[in-house]
Structures are given as C-alpha cells and as structure tokens.
1. Points 7 angstrom from Cα along the Cβ direction at Asp158 and Lys109: gap in nanometres?
2. For the range 109-164, which GluC sites (Glu not before Pro) pass both filters: DSSP loop (anything but H, G, I, E, B) and at most 14 other C-beta atoms within 10 Å?
3. What is the order of Ser97, Ser8, fewest Cβ neighbours within 10 Å to most?
4. Find the centroid of the Cα atoms in the range 1-40 and in the range 113-135, then give the distance between the two in whole Å.
5. Work out, step by step, the length gained on full extension between Tyr101 and Ala23: first 0.36 nm times the residue separation, then minus their alpha carbon distance; give nm to one decimal.
6. Would you work out the Kirkwood radius for the range 2-155? I mean one over the mean of 1/r across all pairs of different Cα atoms, in Å.
7. Modelling each spin label as a point 7 Å along the Cα-to-Cβ direction, I'd like the Thr125/Asn44 distance in nm, to one decimal.
8. With only Lys, Arg, Asp and Glu charged, each at its Cβ (+1 for the first two, -1 for the last two), find how big the charge dipole of the chain is about the Cα centre; round to the nearest 20 debye.
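Nothing in this text is a laboratory measurement; each read-out follows from the coordinates by a stated rule. Quick caveat, the model's predicted, so the values are computed rather than measured. Note that we place each Cβ from the backbone using ideal geometry, even for glycine, and neighbour counts take in every protein chain shown.
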Amino acid sequence: PKEFNDRSTLWNKVEMAEKNSNAQLARQFIIGLPKELSLSENKNLVERYIKENLTSQGMIVDYAIHDESQDKNGNIHCHIMTIMRPINEKGEFLAKSKKEYILDEKGEKVLNKNGKPKTRKVELTTWNDTGNVEKWRENFSDLCNKYLERAGAEKRVDHRSFKR
C-alpha cells in the first residue's frame, strides 16, 4: 500500500499487527557497499538486489544507505529491514505461521501427557528458511560483481569471505 511509503506509518502498523510483546517485527541486515561505485550506482545495486531477492518474495523492505560522509570509518553500507509478516492486497497483515495437529498413521490426533492434541508450527512463507542467508549473500556478491565489472573496477567481492 502507498501509505507504507511513509516509514513511521509502516512501522507503526507492523507493531500494531503483533499480539505478543516479544514478537519479532523485522529482520535487519547490513550490507557493505563498494567504494569503487558511485552513490548512484550503489543505490541502483541495492534497489535491484532488494527487488530480485526480497520484494519479489512479497516482503516489504525499508532501507537506508550510509555513504562515507555519514560513517566515521568512511565505510559505505546499507541497512535493510524486512517485515516478518506477509500482507494481502488490501494492506492487511496475515499470519506468519499456523499450528497443525500431529496425526498418527490412522489420521487421529496424537495427544500429549496432559491429553491435549500435539501441534507443530508451520511457516506460511519461506522467509525464515535457514538457507536464505547464504543464498542472499551469494546473490548480492554476484550482482555486486556485475556492477563492479560494468564500472571497470578490478575489485570483486566473495560472499564466502565472512567468518561464520
């Protein structure tokens, strides 16, 4: 929705959609950007990356680029925040997950010690898949290297260089 173009509106709505005080509202990550690219080229790189990897999956993204003048160490980088809850076309927040009953081989609900049906959490999006971080890192390094090559820079980045 257009109203989410305003950051304060977006994050206020995100907070209002959560019922638990300890709910995860967003996922945040920081991406280092190459000094070899202009601010405009880095902005285009970030926007293309976000479109291809995050918003194409239905995520809403809020980002900010900090250039050398805004960072005491002279590091240009981008802060990316994605909401954790999907939304529908009307701008209404949807469930992140659902509970599913655990069934035995006969299709009957399995009960716990207290006689209540056992359940498991089922994610309704792939946003929390453990492989996403590695995939997003690789996709960024591939795209970044294309931009560096186009700019005539010799430098290349490798997503595998970060210590885990």
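1. 5.4 nm
2. On the way: sites: Glu123, Glu134, Glu138, Glu149, Glu154; in loops: Glu154.
Loop-located and lightly packed - Glu154.
3. Working: Ser97 13, Ser8 7.
Starting with the residue having the fewest Cβ neighbours, the order is Ser8, Ser97.
4. Each part reduced to its Cα centre gives a spacing of 23 Å.
5. Details: separation 78, 0.36 × 78 = 28.08 nm, distance 2.28 nm.
Extra length available between Tyr101 and Ala23 comes to 25.8 nm.
6. On the way: mean 1/r = 0.0544 Å⁻¹.
For the range 2-155, the Kirkwood estimate is 18.4 Å.
7. For the pair Thr125/Asn44, the computed spacing is 2.9 nm.
8. Working: 31 positive and 26 negative charges, 161 e Å.
Value, rounded to 20: 780 debye.
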